[in-house]
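Report on the structure given below.
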Amino acid sequence: MRYENPQIPEGANYSQDHPLKELAVLLLGALAIVVVAVFTLAAAAGWLATKIPFATEQAWAAGLAEQLPASALSADELAAQQRLQAMVDRIATLQELPAGMSPVVHLVDGSEVNAFATLGGHLFVTRGILADMPHENALVTVLAHEVAHVKHRDPVVALGRGVAVMAALGALSGFGDGGVVANQLGNAGLLTTLTFNRDQERAADEEALRTLERWYGYTAGAADLFRVLERAAAGHEPPEFMSTHPATDERIARMHAAETPGPLLPLPAEIAALVAVDHPEE
Amino acid sequence: MNVDLVVFLALLSAGYVFGRYNERKHFRSIQEREQAMRELLVFSERLPPPQPGAVECTLVVGSCVVAFDYFKSFVAGLRNLFGGRVTSYETLMDRARREALLRMKQEAAELGATMIVNVKIETSSISGEAANATGSVEVMAYGTAIVPRQRG
């Protein structure tokens with residue numbers, strides 16, 4: 001028997017790989033897990049949110065209208081808001097909203113071109129978007145689109161997703177032990193920042209088209225709404241309305257393809273009067 | 001930017017830079033000393049091969065403690081998610097084992113030994129079970145040094 005200590009090749013017992021390479025591979029893997037988990041949670045929370053009774057949603061949003069300086073509306077604006085409410089009520093009937101689900105429209109004094117739906121069936125429409133409406137058909141389209149969001153429970157779904165994402169990221173990062181979630185829920189009154197995804201927007205567009213069909217018997221003018229929004233987006237102040245919505249060109253094309261011919265009606269008198277103040281030269 | 005995140009990134013970079021620098025330096029030193037002490041043989045055999053002449057047997061011990069750096073711990077923590085070789089600790093353990101053997105050999109060499117038999121290696125974590133403690137491992141090598149008895 002021969003006794004010897006042969007030289008062991010260097011690196012026989014450990015990996016020669018660069019440690020940063022391993023870190024990168026592991027981080028990517030972990031990131032993929034996080035992304036999948038967050039998406040799954042968000043989808044699940046969105047589905048669960050649809051189970052929240054509309055009355056509960058309304059209670060959460062109770063403080064919403066009070067945050068607006070309602071008394072600041074002029075007589076003209078109040079008349080226009082009432083007219084818009086009447087249109088929304090008719091749209092609600094046409095869309096066969098369930099009992100108890102009654103959207104409330106608020107006119108917001110502001111030149112930005114924007115309209116959005118939020119919790120509790122509250123719709124916000126700016127003077128800016130009214131001023132840009134070429135005809136009643138486009139106005140019905142935008143209102144029907146927002147009412148459709150309420151019908152589909154999109155605001156509460158968006159809230160559910162947002163809370164789930166925040167809670168998941170908060171739990172994973174270990175920062176802010178749930179305080180973030182409480183903040184998000186506490187800010188429910190300011191949920192003008194709720195974002196809807198493209199599927200929700202597409203569904204609302206389709207519902208708006210069906211509403212137009214029932215209102216007028218034809219859908220002419222629907223695409224004009226999106227031409228207005230596109231023009232507004234081209235200006236120096238892009239409305240946030242656009243940011244999460246399907247590409248406007250695509251929407252115009254889709255709406256245009258779905259349009260059936262028919263006369264375009266002038267804006268209702270109360271709204272036309274308000275617009276005339278904004279555009280005195282016309 | 002979050003303060004926690006800044007601290008975390010600073011620890012991670014510091015761990016990486018210093019950890020890598022020390023590791024390279026240590027490996028170079030280990031390789032040099034291993035070459036220098038190649039003549040002193042070590043075996044795990046319990047008994048020495050038959051020796052001509054009288055010998056003395058002495059216990060020799062070498063031990064080494066190595067600490068994980070933040071970078072290694074973080075990578076190992078990520079590795080726990082997926083399983084597989086914890087390569088960031090493999091180099092650490094290799095260094096600790098070889099350093100412990102070298103220190104044992106150093107002690108034996110000072111005694112004038114020609115070989116060490118019955119060599120055992122023991123490893124223990126000395127960080128305890130405390131959460132978030134920066135861990136260290138101790139590797140201890142011990143064996144029986146065979147020292148030829150001096151004549152006269």
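The values are calculated or read from the model by the stated rules, or taken from the named source; none is laboratory data. Because the structure is a prediction, the values reported are computed rather than measured. Heads up, the Cβs are rebuilt from the backbone with ideal geometry, glycines too, and the neighbour counts pull from every protein chain shown.
On the given criteria, is A:Val142 farther than 14 Å from A:Leu119 by Cβ, modelled with pLDDT of 90 or more and either of a type outside the set (Asp, Glu) or in contact with a Phe, Trp or Tyr (Cβ under 9 Å, 6 or more places away or on another chain) (or both)?
Numbers: farther than 14 Å from A:Leu119 by Cβ: yes; modelled with pLDDT of 90 or more: yes; either of a type outside the set (Asp, Glu) or in contact with a Phe, Trp or Tyr (Cβ under 9 Å, 6 or more places away or on another chain) (or both): yes.
Yes; evaluated as a whole, the condition is true for this residue.
Within region A:1-24, how many residues are under 13 Å from B:Ala76 (Cα atoms) and either touching a residue at least 24 places away in the same chain (Cβ under 8 Å) or more than 9 Å from chain B (Cβ to nearest Cβ) (or both)? Break it down into steps so the answer makes sense when it comes.
First pass over region A:1-24, keeping only residues under 13 Å from B:Ala76 (Cα atoms): A:19-20, A:22-24.
Checking which are either touching a residue at least 24 places away in the same chain (Cβ under 8 Å) or more than 9 Å from chain B (Cβ to nearest Cβ) (or both) leaves us with A:24.
Going through region A:1-24 one residue at a time, the tally reaches 1.
May I ask you to list the residues in region B:49-87 that are more than 9 Å from chain A (Cβ to nearest Cβ), part of a loop (DSSP other than H, G, I, E, B) and not small (Gly, Ala, Ser)?
Passing the criteria: B:Pro50, B:Gln51, B:Pro52, B:Phe68, B:Asp69, B:Val86.
Out of everything in region B:91-126 that is out of contact with any Phe, Trp or Tyr (no Cβ under 8 Å at 6 or more places or on another chain) and closer than 30 Å to A:Leu172 by Cα, what residue ends up being modelled with the lowest pLDDT?
By that ranking, first place goes to B:Ile126.
Tell me, please, whether a residue that is modelled with pLDDT of 90 or more and either more than 19 Å from the chain's Cα centre (by Cα) or among the hydrophobic types (A, V, I, L, M, F, W, C) (or both) can be found in region B:83-90.
Checking region B:83-90: not a single residue is modelled with pLDDT of 90 or more and either more than 19 Å from the chain's Cα centre (by Cα) or among the hydrophobic types (A, V, I, L, M, F, W, C) (or both).
Out of all the residues in region A:1-18, which are of a type in the set (D, E, K, R) and surrounded by fewer than 10 Cβ atoms within 10 Å (Cβ to Cβ)?
A:Arg2, A:Glu4
For region A:246-278, how many residues meet the condition of being under 19 Å from A:Leu209 (Cα atoms), of a type outside the set (D, E, K, R) and in a helix (DSSP H, G or I)?
7
Sort out which residues of region A:132-175 are among the acidic types (Asp, Glu), crowded, with 24+ Cβ neighbours inside 10 Å and under 24 Å from A:Val275 (Cβ atoms), and write them in order of number. If you could, list the steps in order and put the result at the bottom.
First pass over region A:132-175, keeping only residues among the acidic types (Asp, Glu): A:132, A:136, A:146, A:154.
So of that shortlist, the ones also crowded, with 24+ Cβ neighbours inside 10 Å come out as A:146, A:154.
Matches in region A:132-175: A:Glu146 only.
Does A:Thr244 fit the bill of being hydroxyl-bearing (Ser, Thr, Tyr), touching a Ser or Thr at 6+ places or on another chain (Cβ under 6 Å), within 28 Å of A:Val157 (Cα to Cα) and modelled with pLDDT under 80?
On the way: hydroxyl-bearing (Ser, Thr, Tyr): yes; touching a Ser or Thr at 6+ places or on another chain (Cβ under 6 Å): yes; within 28 Å of A:Val157 (Cα to Cα): yes; modelled with pLDDT under 80: yes.
Against the criterion (hydroxyl-bearing (Ser, Thr, Tyr), touching a Ser or Thr at 6+ places or on another chain (Cβ under 6 Å), within 28 Å of A:Val157 (Cα to Cα) and modelled with pLDDT under 80), A:Thr244 qualifies.
Quick test of your reading of the structure: A:Thr260 fulfils all but one of (1) modelled with pLDDT of 65 or more; (2) of a type in the set (S, T, N, Q); (3) surrounded by 14 or more Cβ atoms within 10 Å (Cβ to Cβ). Name the failing condition by number.
Failing condition for A:Thr260: (3).
In this structure, does A:Ala55 turn out to be exposed (fewer than 12 other Cβ atoms within 10 Å of the Cβ), more than 9 Å from chain B (Cβ to nearest Cβ), modelled with pLDDT of 85 or more and in contact with a Gly (Cβ under 7 Å, 6 or more places away or on another chain)?
Values: exposed (fewer than 12 other Cβ atoms within 10 Å of the Cβ): yes; more than 9 Å from chain B (Cβ to nearest Cβ): yes; modelled with pLDDT of 85 or more: yes; in contact with a Gly (Cβ under 7 Å, 6 or more places away or on another chain): yes.
Yes; evaluated as a whole, the condition is true for this residue.
Name the residues in region A:25-51 that are among the small types (Gly, Ala, Ser) and more than 14 Å from chain B (Cβ to nearest Cβ), would you?
Once the filter is applied, which keeps residues that are among the small types (Gly, Ala, Ser) and more than 14 Å from chain B (Cβ to nearest Cβ), region A:25-51 yields A:Ala42, A:Ala43, A:Ala44, A:Ala45, A:Gly46, A:Ala49.
Any chance region B:94-114 includes a residue that's among the hydroxyl-bearing types (Ser, Thr, Tyr), within 14 Å of chain A (Cβ to nearest Cβ) and in a helix (DSSP H, G or I)?
Taking region B:94-114 and keeping what is among the hydroxyl-bearing types (Ser, Thr, Tyr), we get B:114.
Adding the requirement that they be within 14 Å of chain A (Cβ to nearest Cβ) leaves B:114.
From the residues that got through so far, the ones that are in a helix (DSSP H, G or I) too are none.
Scanning region B:94-114, I find no residue that is among the hydroxyl-bearing types (Ser, Thr, Tyr), within 14 Å of chain A (Cβ to nearest Cβ) and in a helix (DSSP H, G or I), so the answer is no.
Of everything in region A:96-113, what is surrounded by 20 or more Cβ atoms within 10 Å (Cβ to Cβ) and part of a loop (DSSP other than H, G, I, E, B)? Give them in sequence order.
Step one: filter region A:96-113 for residues surrounded by 20 or more Cβ atoms within 10 Å (Cβ to Cβ), giving A:103, A:105, A:107-108, A:113.
Of everything in region A:96-113, those that are surrounded by 20 or more Cβ atoms within 10 Å (Cβ to Cβ) and part of a loop (DSSP other than H, G, I, E, B) turn out to be A:Pro103, A:Val113.
Has region A:70-93 got at least one residue that is assigned to a loop (DSSP other than H, G, I, E, B), surrounded by 13 or more Cβ atoms within 10 Å (Cβ to Cβ) and charged (D, E, K, R)? Spell out how you get there, then give the answer.
To start, the set of residues in region A:70-93 that are assigned to a loop (DSSP other than H, G, I, E, B) comprises A:73-74.
From what's left, surrounded by 13 or more Cβ atoms within 10 Å (Cβ to Cβ): A:73.
From what's left, charged (D, E, K, R): none.
No, region A:70-93 has no match at all.
Pick from region B:1-45 the residues that are more than 8 Å from every other protein chain (Cβ to nearest Cβ) and of a type in the set (Ser, Thr, Tyr): which of them is nearest to the chain's Cα centre (by Cα)?
Result: B:Ser29.
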